[in-house]
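Contents: one structure, followed by commentary.
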Amino acid sequence: MSEVRLVGVSKEYAGTPVVRDLSLVVREGEFVSLLGPSGCGKTTTLRLIAGFERPGGGEIRIGGQIVSSAASGRFVPPERRNIGMVFQSYALWPHMTVFENVAYPLRVRAGRASSWGRSFFAGCALFAGRAIRKRVDELLKMVDLASFAHRYPAKLSGGQQQRVALARALATGPETLLLDEPFGNLDARLRESMQFELKRLQARLGITVICVTHDQGEAMAMSDRIAVMHRGMIQQFDTPRNLYEQPANEFVAGFIGQINLLPAEAKTRSGRGGSALLADGVGRNMVDFSYAPSGCVAPPNVLVPPHREHHARGVPATGRSGKVVLAIRPEQVRIGQGSAGIPGTVKERVFLGGRVEYFVRVGTLEVRAAGDPTLPEFAPGSGVKLEFRRVLAFPAGE
Amino acid sequence: MPAVLKRREQAEKGLWSGGLLFFGLALFGSFPLLVVIWDSLQVEGAFSPRNYLAVYQRPANLIAVVNTLEMSALSMLIATTLAFLLAWLLERSDLPGRGFLRALFLLPYLAPPFVGAIAWTELLNPRVGYLNRLFMQIFGLLHAPLDIYSLGGLVWVMSIQEMPLALLAISTAMQRIDPAWEEAARLAGVGRLRMIRQITLPVVLPGVLAGAMLVFMSAASAFGVPAIIGMPARIYVVTTRIVSYVYTGTSQGMGEATALAVLLMAAGLLFPALANRWTAGRSNQLAAARASRPGRVELGRWRWPLFFLCLGFGMVAVAMPLVTVVGTSFLKATGLPLAVENLSLRHWAYVFTRFPFGLESFKTSLLAGVMAATLATAVGLMISYRRVKTHLPGRQAADLLVFIPFATPGVVLALALIVTWSGRFVLNLYGTFTLLVLAYAIKYLAHAARIVAVSLEQIHPSLEEAGQGAGAGKMRVFRDITLPLAKSGLIAAWFGVFILSFYELTMSVLLNGPYTRAIGVTIYELQTYDDPQSASVLASVVIFLVLAASRLLFRNRAVIP
């Protein structure tokens, strides 16, 4: 019942488009993150869903009901959307205690109910008061803050404030929960434990969650699916694993995880791949590649589930000139000293705890490669051979 | 574009309430000023420059203009220089007792200027002034060495009264110096003096100039001090000339009063506009004010001598006048030394029982202050809310409508209200309590609106959005979240307007009616009718009330303008 559906939504501020023709369907009970660099439009998208902004075009439905529509002018104000939201700053009201903060949404709702039958509900007010108290106690217990009920927010730590904000957002039992950079103000250790806690809670309550974040680790850890945004458009909407292994375009490839993006020129092509000449100044290093899953740049934002159907395979992954960008994860680069592979020189060796990574100079290019833990390490300056295992190609010049 | 249509629809709702608000503001704030300009150009129903010719050909008026310039410029120089030195000591050095000294030097800002003037006449009166007698005794002089009734006396009292204005402006600028800027300069190999010249001074210069400008305009539009000190010495300034013209009551007198008023009004409105333009690009480069102040300059062995110098100056300039006024009110007769056998409650009893205007004018001012404060705070809240929290159109127009009556000298605004609302446009409010309240409210609305706006700006929008997210509508969010969070600002605004209205003199002198005699007017008249002791009684009442109100204000941790 609480599917969130955006169709062709756009928004501009003073003539500058912030969200462009964006479509997105979040299924009921799904945890979806909007991920992207700052200024990509993800927060605006969340505020459009919450109803703090009116779309300039398109339509938004929550649970099948139209809540914003530019065409018909229909607009449900935020207070009627039955959504919970955790703000980046938590937005706890400083003049109310923890208890009052969490109770407020319940009191507002009780007040609204009683307005259509004042005399009858005068008697119910007492009952409502007791019910509210019980519900708030329950919520505070859920976020492990029962003993803090009568403190003011200023007396709480960041993590505690965050949990109050969560309890308040869930107070009326909304079917949709919106999170705006919810862990941005917490330190790394606390952030991780809160992430798992939230994920468990979401699974238990079965609510739909839409989370805005610029932290890909956070998005990967919590989300069922992630919408990667850039310049007001969704670049790819997919599971964390698919985003990592099959990025739809150069932006997604570069944004998610570490990756080598190497310029090359496609020479031969078959149905699903081909081979290309590295533009490394050497001029004789050929690399085999396969096309990115979407074939070309993903059609902007038409991402309706099931999510991969529209990916037209087999479209040539090259620009007019045949120039491509090859995308290779460091762990897909095999570094050794055998006879096969592309010759290079180790420029730098970086110890990263669990593994060693090398920066290898190949002609004018630099390739990042994860070392094989079973092999002895290579010293800077030593000559090595590189083999590329999984190589994706994107058209150059985006 | 549908988005545009939506916005227009939304705006229309706000326009009705806003339109009504603007209409009321314009009617009692800006429209009367236009009427004054119109009137100044009219002689017997026809356009004529004769008022201006008559006014500016009269030597007495030219002398008044020169006096005004001279008094304002000299007070500006003295007050700004003193304020700069004090601000530096208080904000940038490790002077001991900074909190106490700061409060001491800001005290004249809270007390009405005419109380200071009365005090200094009691101290430096050529016949019976306490200080003069002291000097005569010590140095064995036959004549009083100092005479308060002179241009020098006028400038001295004015400088002390206006100094807090400059001190606040310059202190604010100094607080915004990021110590890192100075430290970076030192690291770049710049010496201490060169650092002050090339880093510190350029940064605070806009603040210093803004403070100086405030002092100049405030001095030029002051009435109380020039009336109490200047008039007995036959030193007239523009404001006192306007008031005497109005008191003649003839149509020619009114015509010439308007011609003088237009000059003062033009200065009041153009001066800040020019200064704003000049400082606009500079002031916003300042860092945000900081709570902690690392990197204070160490005064070393000058620390304590400078402290006692400041303390002594504060005692003489600020504390002594207030003590004098209160002390005089308890003396049997003026000029007697402050000794136990000379004390009596005679004058207090007289003022509050037999003197017909004592208690009455106290009540009038109290009530007018309460009503004006309530009105100004309510309207200020409406205007500030529209400006800070909505995107409704006409916000700049509202700012202008609030700013114009604020920047207009009180004498001119009062004259304009009389000229306009004495039955010429349906309403006749001349001499009524209503007009008094309206005058106070409109004059100090800017003050209230600014304080309220600051407290509204501090409420992060997400706090209100969270309320909407909790299911509360706009009105309920306003009531449950915005209003409680803005409470301290509203209280500060209310008390600010109340204090200013309670002891207001400049406008009250002109808006004086049989049932609307403000306490300031009664004090002023007692003083000029040579009953300084009864004047001191009422002035003491004002001092006590102001101190009590400001204590309440500080306890609420409110914003001091």
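The values are calculated or read from the model by the stated rules, or taken from the named source; none is laboratory data. Just so you know, these numbers come straight off a predicted model, no measurement behind them. In this analysis, Cβ positions are derived from the backbone assuming ideal geometry, glycine residues included, and neighbour counts consider all displayed protein chains. Remember, those area values only see protein heavy atoms, side chains included, never the ligands or the DNA or RNA. Shrake-Rupley method; radii C 1.70, N 1.55, O 1.52, S 1.80 Å.
Numbers for the structure displayed
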read-out	value
Segments classed as strands (runs of 3 or more DSSP E), wholly inside segment A:136-253, with at least 1 members that are acidic (D, E)	A:176-180, A:233-238
Helices (runs of 4 or more DSSP H) within segment B:113-232 that include 3 or more residues more than 30 Å from B:Y245 (Cα to Cα)	B:130-139, B:151-175, B:179-187, B:192-195, B:201-220
Odd one out for B:L336, checked against (1) within 30 Å of B:L547 (Cβ to Cβ); (2) modelled with pLDDT of 75 or more; (3) open to solvent by 30 Å² or more (accessible area, probe 1.4 Å); (4) not assigned by TED's automatic domain parsing to the domain that holds B:I118	(2)
Qualifying residue in segment B:299-308 (condition: open to solvent by less than 50 Å² (accessible area, probe 1.4 Å), outside any helix (DSSP H, G or I), farther than 30 Å from B:I196 by Cβ and not assigned by TED's automatic domain parsing to the domain that holds B:Y109)	no
Some residue of segment B:153-174 being of a type in the set (S, T, N, Q) and open to solvent by less than 20 Å² (accessible area, probe 1.4 Å)	yes
Residue match in segment A:42-57 (condition: of a type in the set (S, T, Y), open to solvent by 10 Å² or more (accessible area, probe 1.4 Å) and away from chain B (no Cβ under 11 Å))	yes
Test: residue in segment B:512-525 that is part of a loop (DSSP other than H, G, I, E, B), of a type in the set (D, E, K, R) and touching a residue at least 12 places away in the same chain (Cβ under 8 Å)	yes
Options A:S23, A:S10, A:S89: the member that is open to solvent by 20 Å² or more (accessible area, probe 1.4 Å), at pLDDT 90 or above, under 23 Å from the mean Cα position of the chain (by Cα) and within 14 Å of chain B (Cβ to nearest Cβ)	A:S10
Hits in segment A:150-165 (condition: more than 12 Å from every other protein chain (Cβ to nearest Cβ) and open to solvent by less than 20 Å² (accessible area, probe 1.4 Å))	A:L156, A:G159, A:Q162
Residue ranges of strands (runs of 3 or more DSSP E) in segment A:318-386 with at least 3 members of a type outside the set (A, V, I, L, M)	A:342-351, A:356-362
Sole exception among (1) modelled with pLDDT under 85; (2) open to solvent by 10 Å² or more (accessible area, probe 1.4 Å) for A:G273, by number	(2)
Residues located in segment B:478-505, provided they are open to solvent by 40 Å² or more (accessible area, probe 1.4 Å), under 12 Å from B:L381 (Cβ atoms), out of contact with any Asp or Glu (no Cβ under 9 Å at 6 or more places or on another chain) and within 13 Å of chain A (Cβ to nearest Cβ)	B:L483, B:K487
Scope segment B:266-287; condition aromatic (F, W, Y) and modelled with pLDDT of 75 or more; matching residues	B:F271
Residue count, segment A:339-359 (criterion: β-branched (V, I, T), over 12 Å from A:E387 (Cβ atoms) and surrounded by 12 or more Cβ atoms within 10 Å (Cβ to Cβ))	3
Boolean, A:L261 is aliphatic (A, V, I, L, M) and assigned to a strand (DSSP E or B)	yes
Identity of the residue in segment A:62-80, open to solvent by 10 Å² or more (accessible area, probe 1.4 Å) and under 20 Å from A:L179 (Cβ atoms), that ends up farthest from the other protein chains (Cβ to nearest Cβ)	A:G63
Filter pass, B:Y440 being within 25 Å of the chain's Cα centre (by Cα) and surrounded by 24 or more Cβ atoms within 10 Å (Cβ to Cβ)	yes
Residues of segment A:94-113 that turn out to be at the interface with chain B (Cβ under 8 Å from one of its Cβ atoms) and surrounded by 23 or more Cβ atoms within 10 Å (Cβ to Cβ), as a count	2
Selection count, segment B:85-102, where residues are open to solvent by less than 60 Å² (accessible area, probe 1.4 Å), under 25 Å from B:S550 (Cα atoms) and in a helix (DSSP H, G or I)	7
Unique residue being assigned to a helix (DSSP H, G or I), under 26 Å from the mean Cα position of the chain (by Cα) and under 30 Å from B:L134 (Cβ atoms) when the list is B:A376, B:A319, B:A372, B:A349	B:A319
Segment A:370-392, residues that are touching a residue at least 60 places away in the same chain (Cβ under 8 Å) and open to solvent by less than 50 Å² (accessible area, probe 1.4 Å)	A:F388, A:V391, A:L392
Any pair with Cβ under 8 angstrom, 6 or more apart, that starts in segment A:57-81 at a residue that is under 17 Å from A:T44 (Cα atoms) and ends at one that is surrounded by 14 or more Cβ atoms within 10 Å (Cβ to Cβ) and aromatic (F, W, Y)	A:V67/A:F75; A:S68/A:F75; A:S69/A:F75; A:P78/A:F52
Top-ranked residue in segment B:233-245 [being within 23 Å of the chain's Cα centre (by Cα) and open to solvent by less than 30 Å² (accessible area, probe 1.4 Å); ranked as farthest from B:A414 (Cα to Cα)]	B:I235
Scope segment B:448-477; condition more than 7 Å from every other protein chain (Cβ to nearest Cβ), open to solvent by less than 20 Å² (accessible area, probe 1.4 Å) and assigned to a helix (DSSP H, G or I); matching residues	B:A448, B:A449, B:I451, B:V452, B:A453, B:S455, B:L456, B:G467, B:V477
